[in-house]
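Notes follow the structure.
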Amino acid sequence: MAFQDIQDLNELDALKNEKDALLVYFSTTECSVCKVLKPKVAGLIEKYFPEMLTAYVEINRSPELAAQNRVFVAPTIIVFFAGKEYIRKNRSFSLDELKLEIERIYTRMFS
């Protein structure tokens, strides 16, 4: 599963409006944890949440977009359902924890 690269608020707003489930991964090129975590997050979404779209924001390239979403550390993951933020994870978190939190809302929306 590929992350859709987004660089401005208009792109993010369009994705939030067009998809009922959206995960946005905020990262920097210098973040080694981010590089390891990103493919694992992609695999998790692909395996368990096929209706969810994934997007990527490179914080150094789009600092305004990060600031508008109150993202100040990498990695940060924000999950939107029906255009609203429901889950926010940053810095250190487990994939199991992320999966369980997404699952609670996702199963109600798509079952």
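Read-outs throughout are calculated quantities, based only on the coordinates presented, and are distinct from any laboratory measurement. Bear in mind the structure is a predicted one, so any value in this text is a computation, not a measurement. We place every Cβ from the backbone using ideal geometry, glycine too, and count neighbours over all the protein chains shown.
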Q | Helix-only CD estimate at 222 nm, as mean residue ellipticity for the chain, using -39500 (n - 2.57) per DSSP H run (n ≥ 4) | A | -14000 deg cm²/dmol
Q. Arranged by the count of other C-beta atoms within 10 angstrom, fewest first, what order do LEU22, LEU53 take?
A. LEU53, LEU22
Q.
Just to confirm my numbers, what's the Cα centroid distance between the range 50-87 and the range 1-49 in Å?
A. 7
**Q.** Share of pairwise Cα separations in the range 4-110, more than 19 Å, in percent
**A.** 37
Q.
Just want to confirm a number: the relative contact order over the range 4-110, from Cα pairs under 8 angstrom separated by 6+ residues, in percent.
A. 34
